[in-house]
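Structure, as structure tokens:
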Amino acid sequence: MTTLWEPTTVGRLELRHRFALAPMTRSRANADGTPGALAAEYYAQRASLGLLISEGVQPSDDGQGYLTTPGIYTDAHVDGWRAVADAVHERGGALFLQLMHAGRVAHPDNTPHHRQPVAPSAVEAVIPMFTPTGMQHAPTPRELGTDEVRATVRDFRAAAAAAIRAGADGVEIHGANGYLLHQFFSPNSNLRTDTYGGPAENRARFAIEVAAAVAEEIGADRTAMRLSPGLATGGIDEGESTGEFYRYLVAQLAGLDLAYLHVLHTGDDDLLRDIRSLWPNTLLVLRADRTRETIAADVEAGLADIVPLGRWALANPDIVERLRTGAELNEPDRATFFSGGPDGYVDYPTLASGAPAVP
């Protein structure tokens, strides 16, 4: 039986254990999308997790959805992420940047160009968004033309190359959580009649093309994909054919020999088992309902190779040591998740600091 404390290989990486840092939006980038001054400290603090997956990073200015999220498409972005990557590597960790195009989950007031959001089809997400003037509804997006879809594939390719120039060890393509790729998957957000809409193979085409282009650019062993089958977020409703669609998509992605697949599991255990059987390489499985008592279950059952940690890692920079020793955990402060500045970002106490746990 495999345990959480056994080493493993992910693409080109040799990891000491089976934990990873899950990607989490922190909204602390500078106005131009460059990682903020504290980002290097934040990620370096968590380097003992081994594989660190960054917050969502937009591959273009059209890819931004939220306020103060980072990008990876300018020279300034590359320089900013290089400082992060260097700090992580100095602490013995590895960094994958998560490439995230928000698509229709965006508001013009949050972007540098203030243009209408783009999406597979002109179908609004019907969700509130925080903007500089308070909560507003995301507006109806503009449908991408077929040539624009192909240009967006090129944006992902260029962003992946920029990530490697910045010193990242690889990239994770965000195909989950209601963002652009996920919008292409879902029949209720993708009403297209071209080669990117309609049957499953067309709705999966954009994601497959993005993954293939990125793998060709930086190497399949530095390329990964995140999926969230059946996740109803951002107005997404994948319908009754969810399992059939993801079995097709995972089988196609498997042929690209990517470094890993990252699945946000929403409860369909039969589908998860099928994904495990279809996927030949490393599989990361994130469960929202995981407890300390069940944290090892997926690895021990052979359903996952690595366990990504989200809020536990956010609030506990030394989460690996705490789990290994059974120490008490800090509780995350929700009020500071996206508040900017050091509070709730780089000031959580560690066991070594001797400070009491945050209640």
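The values are calculated or read from the model by the stated rules, or taken from the named source; none is laboratory data. As the structure is a computational prediction, the values presented were derived from the model and not from experiment. FYI the Cβ positions are ideal-geometry reconstructions off the backbone, even for glycines, and counts take in every protein chain you see.
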Are any of the residues in region 213-221 buried (at least 21 other Cβ atoms within 10 Å of the Cβ), of a type outside the set (A, V, I, L, M, F, W, C) and in the same structural domain as Ala288 (by TED's automatic domain parsing)? no
Elements of type strands (runs of 3 or more DSSP E) in region 83-137, at least 1 residues being outside the structural domain of Ala40 (by TED's automatic domain parsing) and without any contact (Cβ under 8 Å) to a residue 40 or more places away in the chain: none
Single match in Glu244, Glu293 (criterion: of a type in the set (D, E, K, R), assigned by TED's automatic domain parsing to the domain that holds Pro199 and under 30 Å from Val123 (Cα atoms)): Glu244
Can you name the residue in region 37-64 that is under 25 Å from Phe130 (Cα atoms) and of a type in the set (Gly, Ala, Ser) and is also modelled with the lowest pLDDT among such residues? Ala37
By residue number, the members of region 253-289 that are surrounded by fewer than 18 Cβ atoms within 10 Å (Cβ to Cβ), of a type outside the set (A, V, I, L, M) and assigned to a helix (DSSP H, G or I) are Asp269, Asp270, Arg273, Asp274, Ser277
Taking region 39-80 as the region of interest, how many residues are in contact with a strand residue (DSSP E or B) (Cβ under 7 Å, 6 or more places away or on another chain) and not in a strand (DSSP E or B)? 12
Considering every residue within region 311-325, establish whether at least one is modelled with pLDDT of 95 or more, under 30 Å from Glu244 (Cα atoms) and surrounded by fewer than 22 Cβ atoms within 10 Å (Cβ to Cβ). no
Which residue, of Ala200, Ala159, is at pLDDT 95 or above and crowded, with 23+ Cβ neighbours inside 10 Å? Ala159
Cross-chain or 6+ apart pairs with Cβ under 7 Å, region 231-260 first and closer than 14 Å to Gly178 by Cα, then at pLDDT 95 or above and in a helix (DSSP H, G or I): Ile236/His182; Glu238/Phe185; Glu238/Phe245
For Gly33, only one of the following conditions fails: (1) of a type outside the set (D, E, K, R); (2) buried (at least 24 other Cβ atoms within 10 Å of the Cβ); (3) touching a helix residue (DSSP H, G or I) at 6+ places or on another chain (Cβ under 9 Å). What is its number? (2)
If you check every pair at least six apart or on different chains, which have Cβ atoms under 7 Å apart with a residue in region 301-325 that is assigned to a helix (DSSP H, G or I) first and a residue that is of a type in the set (Val, Ile, Thr) second? Trp312/Ile319; Ala313/Ile319; Ala315/Val358
Count - residues of region 12-30 that are crowded, with 22+ Cβ neighbours inside 10 Å, part of a loop (DSSP other than H, G, I, E, B) and touching a Lys or Arg at 6+ places or on another chain (Cβ under 8 Å): 1
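How many of the residues in region 168-203 are touching a residue at least 40 places away in the same chain (Cβ under 8 Å), over 18 Å from the mean Cα position of the chain (by Cα) and assigned to a loop (DSSP other than H, G, I, E, B)?
11
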Do we find that Gln64 is closer than 30 Å to Val126 by Cβ, surrounded by 24 or more Cβ atoms within 10 Å (Cβ to Cβ) and polar (S, T, N, Q) in this structure? yes
Before we move on, is Ala47 in contact with a Lys or Arg (Cβ under 7 Å, 6 or more places away or on another chain) and either closer than 24 Å to Leu261 by Cβ or surrounded by fewer than 24 Cβ atoms within 10 Å (Cβ to Cβ) (or both)? yes
Out of the residues in region 162-197 that are of a type in the set (Val, Ile, Thr) and touching a strand residue (DSSP E or B) at 6+ places or on another chain (Cβ under 7 Å), which is surrounded by the fewest Cβ atoms within 10 Å (Cβ to Cβ)? Ile173
